[in-house]
Amino acid sequence: MSKDSERAAYNLPPVDVPKPEPPVPSSGPTLFFEKLFYYTVDRPVTLYREWIERQRANNKVYYYHREFRRVPDITECLEDDYLCIYEAEMQWKRDLQVDQEIVKIIRERLGACRVREGVNAPENCAMDLQLFKDVAKAYRDRYDELGAYGSARRCLMKQKHRMIAERKAQTEAKA
């Protein structure tokens, strides 16, 4: 191919491109209002923001998750100590959320292992599957059948009934 055919297909820009005209400086009332806005609004706000940014750069604040102190269990609260019972309820709700997240993370880890291993998942993901079964069983033992209005007191009663049933099963097995 010759250079002439390329030139016909792709137009080249003109060689003599005029220079753009310089902007016309503001004059009269527009210059006055621009300077007024700059010195009364823009400059103070900019200086204040820069000062705040310098302060934050000197004193960095790191945001981590909130740490709650462990409070006594509901079994350690007195009958008329409503504040202790409330704190125990809130602690139970936080424990419930943590346990839900643990089950969710283990389930996601098992799913990722199954996707990664493909056909060989049953043999290569056996440890993850066993861990998930153990965690899910512990979660079900503690929180299952509590309903939407589960509380620390209901959970404690469920644990008590489960322990009584286990004792009864042991005595029946011995007899």
Tell me, please, whether a residue that is open to solvent by less than 90 Å² (accessible area, probe 1.4 Å) and under 27 Å from Arg70 (Cβ atoms) can be found in the stretch 105-125.
-> yes
For the stretch 3-12, state whether one or more residues are modelled with pLDDT of 75 or more and either open to solvent by 100 Å² or more (accessible area, probe 1.4 Å) or within 37 Å of the chain's Cα centre (by Cα) (or both).
-> no
Could you tell me whether Arg153 is in contact (Cβ under 8 Å) with a residue 40 or more places away in the chain, assigned to a helix (DSSP H, G or I), open to solvent by less than 100 Å² (accessible area, probe 1.4 Å) and not acidic (Asp, Glu)?
-> no
For the stretch 122-150, enumerate the residues that are part of a helix (DSSP H, G or I) and small (Gly, Ala, Ser).
-> Ala126, Ala136, Ala138
All-but-one check, Thr171 against (1) exposed (fewer than 11 other Cβ atoms within 10 Å of the Cβ); (2) under 24 Å from the mean Cα position of the chain (by Cα), failing number (2)
Mind listing whichever residues of the stretch 110-126 are out of contact with any Cys (no Cβ under 9 Å at 6 or more places or on another chain) and not β-branched (Val, Ile, Thr)?
-> Gly111, Ala112, Gly118, Asn120, Pro122, Glu123, Ala126
Test Glu145 against the stated conditions and say whether it is loosely packed, with under 10 Cβ neighbours inside 10 Å, among the acidic types (Asp, Glu) and within 21 Å of Lys160 (Cβ to Cβ).
-> yes
Residue check for Arg43: within 34 Å of the chain's Cα centre (by Cα) and either over 23 Å from Tyr143 (Cα atoms) or surrounded by 10 or more Cβ atoms within 10 Å (Cβ to Cβ) (or both) = no
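The values are calculated or read from the model by the stated rules, or taken from the named source; none is laboratory data. All of these numbers come straight from a predicted model, not from anything done at the bench. Cβ coordinates were reconstructed from backbone atoms using ideal geometry, including for glycine residues, and neighbour counts include every protein chain displayed. For the accessible areas, the whole protein counts, side chains as well, though only heavy atoms, and no ligand, DNA or RNA atoms are used. Shrake-Rupley method; radii C 1.70, N 1.55, O 1.52, S 1.80 Å.
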